[in-house]
Structures are given as C-alpha cells and as structure tokens.
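The values are calculated or read from the model by the stated rules, or taken from the named source; none is laboratory data. Not measured: the values here are computed from a predicted model. Counting neighbours? That spans all protein chains shown, and the Cβs are built from the backbone with ideal geometry, glycine included. When the accessible area is computed, the model is the full protein with side chains, heavy atoms only, and any ligands, DNA or RNA have been set aside. Shrake-Rupley method; radii C 1.70, N 1.55, O 1.52, S 1.80 Å.
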Amino acid sequence: MFCAGACIAAAPVKDYPYQPVPFTAVQVQDEFWTPRFETNRRVTVWYDFQKCEETGRIDNFAKAAGLMKGEFKGIPFDDSDVYKVIEGASYVLAMQPDPKLDKYLDELIAKIAAAQEPDGYLYTARRLFPPEKMPGMSGKERWSNLGASHELYNVGHLYEAAVAHFQATGKRSLLDVAIKNADLLVREFGPGKRGYPPGHPETEIGLVKLYRATGNTAYLDLAKFFVYVHGRPETHKLYGDYAQDHLPIEEQQEAVGHAVRAGYFYSGVADVAAITGDSKYMAAIDRIWTNMVSKKMHLTGGIGARPGGEAFGADYELPNKTAYLETCAAIANALWNHRMFLLHGDAQYVDVLERVIYNGFLSGVSLSGDRFFYPNPLEADGKTRFNHGSTERQAWFGCSCCPVNVVRFIPSIAGYIYATRQNEIFVNLYIGGQASINLGNRQIKLTQQTRYPWDGNIRLTVDPQSAGEFVLNLRIPGWARGQPMPGGLYSYLDAKTEPPRLSINGRPVSISMNKGFARIQRKWKKGDQVELVLPMVPRRVVAREEVKDDQGRVAIERGPVVYCAEAVDNGGRVLNMVLADDVQLKAEHHPELLGGVTVLKGIAAVATRDEQGMPILKPAAITLIPYAVWDHRGAGEMAVWLARSIEKAAIPPKPTVASTAKLSASHAWQNDSLTALNDQVEPKNSIDHSIPRFTWWDHKGTTEWVQYDFDKPTRVSGVEVYWFDDTGRGQCRLPESWRVLYRASDSWKAVDTNSPYEVRPNVFNKVSFSPIETTALRLEVKLKPGFSGGILEWRVLQ
Ligand SMILES: [Zn+2]
C-alpha cells in the first residue's frame, strides 16, 4: 500500500550529506507525541477539510472545473490551503491505512485535476475572476503580480502535496497534475524567459521535492533559477526585503522581511546549496542563521517579531506582548533548521528545531486539535485581541495558513528524529518508538524508550541484523550543556549543571563529544542497550542586555520546555508576579492536567499596594505550566518572562469606583470589550488601536448609552471620558453630544453640571457636577449622523 522511497523514480546523485530517516520508517510510540499525532489524524485532518469545504476553498476547484456554477470565494492563496491539508492527510495515510481518507483524497484530487487548464496552469482565482475584477490580486496577465497573487507560492504547495500523496499511495493522480504544472513553469521561467522570483518563496522547496521524486533535473534547474534571481539587479527587485528580494542571496547578511517567506526561502537555498555544493549559498545561509539565532529569535523558537509585515524586526527587537511569531513562521524555522542540520551535521540546528517544536510551534494548536493561534506572543493581558480578533485560539481565520500548516507539520516530526551518514546513525530527537534504519548494507532496528520532555532518561535498544561496527551519535541537547540556544542571545543564570551520563549495557562510559553529539563507535550486536541520562531541573534563563523587553526578567525552562505563568493557576493575575532569583521551583507531574504535563511550583511574590497605595510585595504561591499548552482554561494574563524584582512588576492600579463597577451598554460590538471602559489603561490618543476599546459599532447616528452600577450608594461629583475616533481608518467618530444621568430611585435624572460637555479628541473630557449619591451612572451619547462611536476609558470622580 505505501511505498515510501521505493516508488521514487530516480534517486538524485547528490543531495544533503546527512540523510533523514523518513518518517515512514519510524513508528512513534510516545507518551508526549502519540496523543498529538492521533489528534492530528482523527481531528485536525478532517476538521481542516471540513473548513475548506464550508469556506468554499474546495468549491473553487469545482467551479474552475465547470462542475458547479459560481464565483471565486476567498483570497488568492486559498488553493494552497487545500494542498497543505492534502499533504498532511497523505502523511497520515502513509503511517496508517485509512480507506475513507484515501477515497476522500481521490475525489478531491479529481476536482483539482479538472480545474487545471490544458497547458498545465492551475490557479482558481484567475480562472473564476476576470482579470479586471482582481487587479490588486493577480494582475492582467498570468504571473504579472506574483507578490499579491501567490500563483507560484500556491503551486509550490501543490508539488509538496503531490509528492506526499504519491509516496503515501503510489497513485500518480496528483503527481501528474503537479508535473504538468511544473512543465509549464519550466517553459515560461528561466534564463532568457520570465526572470523574476515567485514573490512568496515556497515554489523552490516544492520544485526540489518534485525533482527528487521524478529525477527530472529541469525542476531542480528552475529551483536554482528562482533562488538565483532574488534581488538581481539585472532582473527586477520587485518585492524588496519583505520577500527577501532586496539583494542576491550571496550578498544577504541578515534575516529580514516576512518571516514565513524568509524561512521558506532559506530552506529553498539550503536545498539548492546541498545539491549543487554552492559554497557562496552555504556561507549566506550560515550568516543569516547566525544573525537570527543570536539576535532575532524568541526563547520559544518563534520568529517574526513584528505584526506589521509579519516580519523580522531589528536586532534584539524581541517584544513579548506584541510579539507576532506566526505559527507558520515557527514551522518555516523548523524546516530550515532541519535542512541546516542535514547540510552540516551539527546538533546546534536540532537544538533550535527542538525548541520550536516543543514551544513556539506547538502553542499554535490546541490539545483538541481544532483551535489555533496565528500569532504566538510571550505575554498576554487576557483582554487584547491579539489572535486576529480574539483573546484565545480561534476555530479558523480568514487567512487560514496556520491551521493547514499544522496538519502537515505534526506527522512530519517523526522524520526529524533520526538521520544517517555513511556508517553513522544520528539520534536527533528523543521520542519513543521504533525505527528501521538502513546503513549501507546493514539493517538496524532502533527502539527508543523515554518520557522526554518530562524526564531526561533515554534507553535505546540497538538491534543490527548482523553484528558489526558502526557509529551511534546521540544528541546532547544544548540545554543539557548549559547553553539554551546557540548564539549566546540567552543564557542560564545558574551556570553549573549536572553533566549527562551515558552507559552501554549497564556500564558507564565517558562521553566523547563531536558537533554536539555523544559519539559511540563500537561493534554493535543485537540487544545492546544504551542509556543516556540528561539531568532535568528547572533552569532560569536571562536574555542579553540588548534585549530591553527582557531586562530585569527571568524565564524558566526544564529540559526543552519553556514555561509560563497563567492567571488561572495564580490567583487571577500574573503580570504583577515577582520571581526572585532564590525562589526554589519544584517539578510535579500532573497526568490529569492539560493532557499530562509537568508543572513547576514554588513560593514567589505578588506586587500589590498597601493601604496608602504604596507598592509592596506579598508572598504568593506560583505555578508554571508549559508555554505550549497555555490558553486552555479561558482568557487571562500569561507571561513567559517574569519580573525578578518589584520594579518590573505591573502593579495593578488602586481599585476605583469605576474599576469595581458593573458594566452594561445599549449595544456593544462583538469584537470589542465593555471592560475597556474601566480597565484603567490610559489611551495614547483617540485612535489608539493597541489597547482594548469599546464601540457601539455598527449602530450609526443613534442615541446610545453605557452604564456603571455600584454595589452600594456612592457619592460622585464628575466623570472623565476618553472618546474613540478612528478617522482615516474606520467609521467611528467623536459623538455629536453627550450627557451624564444618574439613577434616582426608579428613574434616570440628568446631573446638574457646572462645566460644559466637551467633545475633544486625544484627551479626557471632564465634566463636574453637584455631588450626588447614587447606585448607577449612565453616559447617554448621541452619535454623529452616519457614524458610530466608542469610548477608550471612562473615569468617575468622587
Ligand atoms: Zn500562517
């Protein structure tokens, strides 16, 4: 049924010096990963397909094929979402036969094939939209606006899906579609033909995979050409550093631009460099990699700090709350680092890969497999809607690249565990299960038993078909060698660690290190036992002083897992917590919690205020959970980097009459929050989009109200209101007029003001009135005709 490797038409002559053991030769049986793989297989694959159906992504193919009527629905790169789920589903199918999934894929692929144009072109948006209807999207001609259209990006994912489906099932149905399309690109692009890059890299990776599967060097040549034309002065610098098109690759120095594009591009460069042996390309990606790990990577392995452009920031620009760190960028980072390992055979790249998969990638999908983060910040206030309109993981997105990337990435993790080179085996990741490894003429079965990442004890049983000499390399992770990440951006506060221990057949042996691996060269026989112990204790991490957002702060890791504090475990708040350097943290495993996690506990402190309002510290229990599983118990504060002393703690403001009032409104827009009114967050200006807001959207020109209810009669003498106005961006304006009412027994009465009701932007509008005692205040607001309006903060004066 499946024939990974065996069906490949022609193995390329030259490729990566280190070869991965394909995931089809690895059976994962692991306490940590098996449940994730199973959820991906049983839930995410079908869930993603269902969402692709509901949102018209699959109908777009049927419509383009003339099988149904209707217009294109969605955005230009929706085709690629379908391809990505097919790739994931194919991996699932390769691991475990599933006739229902196999049949579903056959039917879906038939629609895709029918949507392909006679010359091989495949892009449903153009087929269904006359070009004049989509000038901003795909341009008048094919491939004339690649940055927006994603025409070539889409087919890169088509090639990856086609190769995966072919390798999983032996069927050529999608592979033939991919080949027909790639042949068209070979005719259209290249020296003397169209000479510009794909706009969103991905095509290069897909072409190399298609080359490996078919042996057709024309695909490799086109991948080489696409890498080459990036930033060439003789072609066009179309997209700038946003799409890594600012300079030829061999002149590029830093990780820049859109982080997903970057990770895919550098992966494509690595593929081409591995196959061609181009030393300038290798030097370029080595340089860019060093820049990234030493200056532009978050502790979770996330990349792309800036929401604007979903892009890398400047050196050391590593914010926590506003960090973007798209789930797709984490995946791209993992793909790239795996390739860097295959190129150089150094464990430092796997250190990065491991950091990504246990932290900044895995946070992107819920334990249930059907809720997703797009950005993965390292701090949350529980109110800001950082996840494309939500404070929590979402069911789907308008641009839904991340959920469909998760589904293909999870099963591929099994393919990162082992690698070989000549007479050597490399154990890169500690994940339980079995692998069948071909080493020259020798077949070796490796059995790995471990409770990693919760426990650092690893037992390997080596079963060669026949006894003989070869080398087993066991990765000693950076975290077990006192180095959280290569490049020195982060370091452990407690420098000393208990060293790893290694034994063979029960006898301790000294560790001989080579490129981050414990190298064991010996004559192996059936049943040989290797035991590796990586002592796992909670470790304190600090960032270099240039990282200003982390100064005075500490993060906690244990093994490869980055921890965070979440409000639900810590009395409702964490941004005011202080974790002094001498606080002892104890690990406790909780099989019933969050799918089974090791939590860390201790007695830390919270910053609060005494009766005079002065900041003080109070002892408080602290519980830390793995960052990857935060936000499974409702929105709330979360932080990876905790204050080491009171100066860095966010001390809650003193409660006020307003902040403790009960809130209500005549109407509230679903994406806004009423709590914005009294959250005591001061706006920078009336168009401040960085803080929670309240609006009456989509009511326009109406008379509306907001209300504070006090729990007992309260004396008040004025209010201050900060109006929201998004002129130039939206349809909210300062109101036409407003007034303050108070509850007097059963009716509302206007207050007796001694100052006018002003309506000014960018300031608090203050009104004072003769003091009254009441149980409720109301702002009655007349909106400008044709416009809506809102409030950023409403204070009450006593
Ligand atoms: Zn994404």
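For region 632-639, what does the Karplus curve 6.51 cos²θ - 1.76 cosθ + 1.60, with θ = phi - 60°, yield as ³J(HN,Hα) per residue in whole Hz, taken in order and with x for Gly and Pro?
10, 9, x, 5, x, 5, 8, 8
Please list, by residue number, everything in region 551-579 whose backbone N is under 17 Å from a paramagnetic label point 7 Å out along Cα→Cβ of HIS589.
558-561
Sequence neighbours fewer than 8 away in the same chain don't count; with that in mind, list the lysines whose C-alpha is under 20 Å from LYS523.
Hits, sequence-local ones excluded: LYS445.
Measuring from centroid to centroid over Cα atoms, what is the spacing of region 435-457 and region 754-782 in Å?
What the calculation gives is 71 Å, centre to centre.
Quick one: which of 762-771, 210-219, 290-299 comes out on top by average Cβ neighbours within 10 Å, and what's the full order, highest first? Working shown, then result.
Values: 762-771: 15.1, 210-219: 20.6, 290-299: 23.3.
Ranked from most to least packed, the peptides come out as 290-299, 210-219, 762-771.
On the protein heavy atoms, probe 1.4 angstrom, tell me the percent of accessible surface of region 615-696 carried by carbon and sulfur.
Working: 1910 of 3480 Å².
Ligands and nucleic acids excluded, carbon and sulfur give 55 percent.
Just tell me which aspartates and glutamates come within less than 12 Å, Cα to Cα, of LYS133; anything on the same chain fewer than 8 places away is out.
GLU71
Pulled fully out, how much extra length does the chain show between VAL537 and SER717, if you take 0.36 nm times their separation in residues and subtract their Cα-Cα distance?
Working: separation 180, 0.36 × 180 = 64.80 nm, distance 5.64 nm.
Result: 59.2 nm gained on full extension.
Quickly rank 116-122, 785-791 as a protection proxy: mean count of other C-beta atoms within 10 Å, highest first. If you can, show how the numbers build up before the last one.
On the way: 116-122: 16.6, 785-791: 20.3.
Result, highest mean first: 785-791, 116-122.
Any idea what the relative contact order of the chain is, in percent, if you count C-alpha pairs under 8 Å spaced at least 6 apart?
On the way: 1835 pairs, mean separation 76.8, N = 798.
Computed value for the chain: 10 percent relative contact order.
Mind jotting down a quarter of the surface of the convex hull over the alpha carbons of region 669-721, in square nanometres, one decimal? It would help to have the intermediate numbers written out before the result.
On the way: hull surface 20.6 nm².
For region 669-721, averaging the hull's shadow over all directions gives 5.1 nm².
Within the set LYS14/LYS209; LYS51/LYS111; LYS171/LYS209; LYS321/LYS601, which residue pairs have Cα atoms separated by over 19 Å? Please list the in-between numbers first.
Numbers: LYS14/LYS209 14 Å; LYS51/LYS111 17 Å; LYS171/LYS209 16 Å; LYS321/LYS601 24 Å.
Flagged as over cut-off: LYS321/LYS601.
Please report the orientation-averaged projected area of region 544-654, defined via the convex hull of its C-alpha atoms, in nm².
Details: hull surface 30.3 nm².
Directional mean of the projected Cα hull area for region 544-654 stands at 7.6 nm².
Under a crude label model (7 Å from the Cα following the beta-carbon direction), how far is LYS700 from GLU141 in nanometres?
4.1
Using R₀ = 30 Å, calculate the FRET efficiency as 1/(1 + (r/R₀)^6) where r is the Cβ-Cβ separation of ASP315 and ASN685; round to 0.05. Provide the component values of the computation, followed by the final result.
Numbers: r = 29 Å, r/R0 = 0.97.
Plugging the Cβ-Cβ distance into 1/(1 + (r/R0)^6) gives 0.55.
Relative to the present Cα-Cα distance, how much length would full extension add between GLU251 and ALA580 at 0.36 nm per residue of separation? Display every interim value, and only then the final one.
Details: separation 329, 0.36 × 329 = 118.44 nm, distance 4.51 nm.
Taking 0.36 nm per residue and subtracting the Cα distance, the gain is 113.9 nm.
Return the distance in nm (one decimal) between the two label points of a simple spin-label model at LYS515 and SER466, each offset 7 Å from Cα along Cα→Cβ.
Here the answer is 2.9 nm between the modelled labels.
List the pair-distance distribution P(r) of the chain, using every Cα-Cα distance, as the percent of pairs falling in each 20 Å bin from 0 up to the bin containing the longest distance, rounded to whole percents.
Per 20 Å bin, starting at zero, the Cα-Cα P(r) for the chain comes out as 15, 44, 31, 9, 1 percent.
Along the Cα-to-Cβ line of GLU31, 7 Å from the Cα, sits a label point; which residues in region 592-628 have backbone N less than 16 Å from it?
Within reach of a label on GLU31, which here means backbone N under 16 Å from a point 7 Å along Cα→Cβ, region 592-628 contributes 592-600, 626.
Hey, can you rank 505-518, 423-436 by average C-beta count inside 10 Å, highest first?
423-436, 505-518
Can you give the FRET efficiency for THR727 and LYS171, using 1/(1 + (r/R0)^6), R0 = 56 Å, r = Cβ-Cβ distance, to the nearest 0.05? Don't skip to the end; give the middle numbers.
Numbers: r = 57 Å, r/R0 = 1.01.
The pair THR727/LYS171 has a calculated efficiency of 0.50.
Which residues among region 676-717 fall inside the zone where the amide N is under 14 Å from a point 7 Å beyond the Cα of SER664, along Cα→Cβ?
Counting only backbone N, you get 705-711.
Report, to the nearest whole %, how much of the accessible area of region 195-245 belongs to carbon and sulfur atoms, 1.4 Å probe, protein only.
Working: 800 of 1520 Å².
C and S fraction of accessible area: 53 percent.
Accessible area per residue, 1.4 Å probe, Å², for the chain: what's the number? Walk me through the numbers on the way to the answer.
On the way: 29640 Å² over 798 residues.
Ligands and nucleic acids excluded, the result is 37 Å² per residue.
Quantify, in whole percent, the carbon and sulfur part of the accessible surface of region 430-471 (1.4 Å probe; protein heavy atoms only).
Details: 520 of 1580 Å².
Carbon and sulfur: 33 percent of the exposed surface of region 430-471.
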